[in-house]
1. Before we move on, is LEU7 within 15 Å of the ligand (Cβ to nearest atom) and either at pLDDT 95 or above or buried (at least 16 other Cβ atoms within 10 Å of the Cβ) (or both)?
2. Could you please find all residues in the stretch 224-271 being open to solvent by less than 60 Å² (accessible area, probe 1.4 Å) and part of a loop (DSSP other than H, G, I, E, B)?
3. So which pairs qualify, if the first residue must be in the stretch 206-223 and outside any loop (DSSP other than H, G, I, E, B), the second must be loosely packed, with under 14 Cβ neighbours inside 10 Å, the Cβ gap must be under 7 Å, and the two must be at least 6 apart or on different chains?
4. Could you give me the residue pairs with C-beta distances under 8 Å whose first residue belongs to the stretch 130-144 and is in a helix (DSSP H, G or I), whose second residue is of a type in the set (Ser, Thr, Tyr) and within 11 Å of the ligand (Cβ to nearest atom) wherever it lies, and which are 6+ apart or on separate chains?
5. Would you confirm, using the coordinates I've provided, whether GLY111 is more than 25 Å from GLN193 (Cα to Cα), at pLDDT 95 or above and more than 12 Å from the ligand (Cβ to nearest atom)?
6. Determine whether the stretch 155-165 contains at least one residue that is over 12 Å from the mean Cα position of the chain (by Cα), of a type in the set (Gly, Ala, Ser), modelled with pLDDT of 95 or more and surrounded by 18 or more Cβ atoms within 10 Å (Cβ to Cβ).
7. Quick check on the stretch 128-142: of everything there that is in contact with a helix residue (DSSP H, G or I) (Cβ under 7 Å, 6 or more places away or on another chain), open to solvent by less than 20 Å² (accessible area, probe 1.4 Å) and more than 11 Å from the ligand (Cβ to nearest atom), which residue is nearest to ASP96 (Cα to Cα)?
8. Can you confirm whether the stretch 177-196 contains a residue that is part of a helix (DSSP H, G or I), modelled with pLDDT of 95 or more and exposed (fewer than 13 other Cβ atoms within 10 Å of the Cβ)?
Amino acid sequence: MQTINRLEDLRKAVDALKIGGKTISFVPTMGALHEGHLTLVREARACADHVVASIFVNPRQFGPTEDLDAYPRRMAADAALLEAEGVAILWAPTVDQMYPQGYATNIGVSGVSEVACGAARPGHFDGVATVVCKLFNQVRPDVALFGEKDWQQLAVIRRMARDLDLTQPHVDNIVGVETVREASGLAMSSRNQYLTEVERDRAAQLSAAMRRAIAAIKDGADVTESLDTMKAEILAAGFTSVDYGDLRDAATLETLFGWDRRDARVLVAARIGAARLIDNMGME
Ligand code: PAF
């Protein structure tokens, strides 16, 4: 595996991988890798001839009071994990490479970026869309893979790729990979490291409450009542607040107050200890 920090070196290395019409799949990350990321890499290997992964803790997607400084950074351990999974190139740019002096461009995706986590974290999805668009232009992959755990992020990236007519990758080749969960049901996340043992046990109740709400809605229960019960159960489990707990259209993230069997998901963000956890599940 080549670890590359300079854009000109990346371009040459990607060109070399593409010789003979070989294809590239891409897994962008912020590091602190866990089984969820490694699942993305394994899926990526099945999608193309070579896998490129990136590690970049993107300052533009953190708010002024968020955890940019505390965000776990473990470059050497992460690189070893990626190498063991057969990644060809690890793209690990510095902040200066990504945002050189005078950098001034921002990508904003209206609508889908503005609700749910976008309402609680202003500017977050602009930062995500901007860095992902830059990473796509740098790596020029045939396929890109993202965890469905950040469902809203996936919806924003797909909207951006469609609206900007991206071809590398084309929107149809932006692949969502099912959330990887611990045995307790807790969705894997780099931010789970902020939880104590007791909080981790309690956090498992989040997905259990979501499953019960989905089952109730599918059985014909009122959507608002089912979601209110879910939020009460999450608080009773020891979460200190629920930022949102909604049923939304899977693509537009429009709020749904009734379920008409369309592709929809329950999305939740809730706080426990020092962590703000997000999770989502489909109605299928
Ligand atoms: O999901 C993440 O790790 C990040 O938001 C991403 C997609 C790598 C952009 O910084």
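1. Values: within 15 Å of the ligand (Cβ to nearest atom): no; either at pLDDT 95 or above or buried (at least 16 other Cβ atoms within 10 Å of the Cβ) (or both): yes.
Taking the combined requirement at face value, the residue does not satisfy it.
2. Answer for the stretch 224-271, where residues must be open to solvent by less than 60 Å² (accessible area, probe 1.4 Å) and part of a loop (DSSP other than H, G, I, E, B): ALA237, GLY238, PHE239, ALA250, LEU253, LEU256, GLY258, TRP259.
3. VAL223/PHE257; VAL223/GLY258
4. LEU135/SER54; VAL139/SER54
5. Working: more than 25 Å from GLN193 (Cα to Cα): yes; at pLDDT 95 or above: yes; more than 12 Å from the ligand (Cβ to nearest atom): yes.
So GLY111 passes the test.
6. Yes, there is a match, as at least one residue in the stretch 155-165 is over 12 Å from the mean Cα position of the chain (by Cα), of a type in the set (Gly, Ala, Ser), modelled with pLDDT of 95 or more and surrounded by 18 or more Cβ atoms within 10 Å (Cβ to Cβ).
7. First, the residues of the stretch 128-142 that are in contact with a helix residue (DSSP H, G or I) (Cβ under 7 Å, 6 or more places away or on another chain): 128-134, 138-140, 142.
With the extra rule that they be open to solvent by less than 20 Å² (accessible area, probe 1.4 Å), the set shrinks to 128-133, 138-139.
Remaining after also requiring more than 11 Å from the ligand (Cβ to nearest atom): 138-139.
Numbers: GLN138: 15, VAL139: 17 Å.
Residue satisfying both the conditions and the ranking: GLN138.
8. No, that holds for no residue.
The values are calculated or read from the model by the stated rules, or taken from the named source; none is laboratory data. Please read all numbers here as calculations on a predicted model, not as lab measurements. Every residue, glycine as well, gets a Cβ built from its backbone with ideal geometry; the counts of neighbours run over all protein chains shown. Heads up: the accessible areas ignore ligands, DNA and RNA and are worked out on the full protein's heavy atoms, side chains in. Shrake-Rupley method; radii C 1.70, N 1.55, O 1.52, S 1.80 Å.
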